[in-house]
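Asker: Got a structure here, written out as structure tokens. Questions coming.
Laboratory data are not the source of any read-out in this text; all were calculated from the coordinates shown. All of these numbers come straight from a predicted model, not from anything done at the bench. Here the Cβ is made from the backbone with ideal geometry for all residues, glycine too, and neighbour counts use every protein chain on show.
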Amino acid sequence: METGFIILIVAIAVPILYVVMAYNGLITKRTRCEEGWSDIDVQLKRRHDLIPNLVETVKGYAKHEQSVLENVTKARAEALNNQGTPAEQSRTENALHEALKSLFAVAENYPDLKANQNFLDLQQQLADTEDKIQASRRFYNGTVRDFNTAIQVFPRNIIAGMFKFGKKEFFEIEDEKERENVKVSFDKK
């Protein structure tokens, strides 16, 4: 009789223990996704904070480039106000990135601006921030991959369904032009 009772206890305890461990594992993975997204958010905020200083520095040198400055300011405002999904935020951040490229292209026309120490410092900080954003995106996408895999494999998919764990979105490039390879040509014209 004792052996049957022990087998019954084990038969009940093992599945319950598995469910608890699987649930806790999914919670850990979901929390890592949230941490990864928070890292991206922190770096984006840093980028957004640097942009007004950069715009003001360029304004002093490039007064007639008002449309470029307005585009950067507008793109920054849209990126700051977008608190949507990773896909939505990716779109506004890509627009901001493109506006910044235009700003740096304008700066190329002003040798005094390119030599300005404040501009150079801001440009370096922005480049450093861009690198950190890329690293944060890779970390986030890795945690999303792990989480999404965990909620889809058997038997965890059953537990994930019971506790309503849903898939997370990757932070992806939306603009097809960004996916294209850079074309290099050494042809002389």
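Asker: If packing is taken as the average count of other Cβ atoms within 10 Å, what order do 128-136, 153-161 fall into, highest mean first?
Answerer: 128-136, 153-161
Asker: Shifting gears a bit: Peptides 66-72, 49-55: what's the order by average Cβ count within 10 Å, highest mean first?
Answerer: 49-55, 66-72
Asker: Which of the peptides 25-33, 9-17 is most tightly packed, and how do the rest follow, going by the mean number of other Cβ atoms within 10 Å of each residue?
Answerer: Going by the mean number of other Cβ atoms within 10 Å, highest first, we get 25-33, 9-17.
Asker: Quick one: Karplus J couplings for region 46-53, per residue in order, coefficients 6.51, -1.76, 1.60, θ = phi - 60°, nearest Hz, x for Gly and Pro?
Answerer: 4, 4, 4, 6, 6, 4, x, 5
Asker: Here's another thing I want to ask about it. What are the ³J(HN,Hα) values, in whole Hz, obtained from phi via the Karplus relation 6.51 cos²θ - 1.76 cosθ + 1.60 with θ = phi - 60°, for each residue of region 101-110 in sequence order, with x given for Gly and Pro?
Answerer: 4, 5, 4, 5, 5, 5, 4, 4, 7, 10
Asker: Residue by residue through region 32-43, what is 3J(HN,Hα) from phi via Karplus (6.51 cos²θ - 1.76 cosθ + 1.60, θ = phi - 60°)? Round to whole Hz and write x for glycine and proline.
Answerer: After applying 6.51 cos²θ - 1.76 cosθ + 1.60, I find 5, 4, 5, 5, x, 5, 4, 4, 4, 4, 4, 5 Hz.
Asker: So what's the projected area for region 4-92, the Cα convex hull averaged over all directions, in nm²?
Answerer: 7.2
Asker: Would you please report the Å³ per residue occupied by the convex hull of the alpha carbon atoms in region 61-181?
Answerer: Per-residue hull volume (Cα only) is 128 Å³.
Asker: With point charges of +1 on the Cβ of Lys and Arg and -1 on the Cβ of Asp and Glu, referenced to the Cα centre of region 15-171, which listed residue (Gln83, Leu54, Ser102) lies farthest in the positive direction of the dipole?
Answerer: Value: Gln83.
Asker: Rounding to the nearest 20 debye, state how big the charge dipole of region 15-171 is about its Cα centre with +1 on each Lys and Arg Cβ and -1 on each Asp and Glu Cβ.
Answerer: 740
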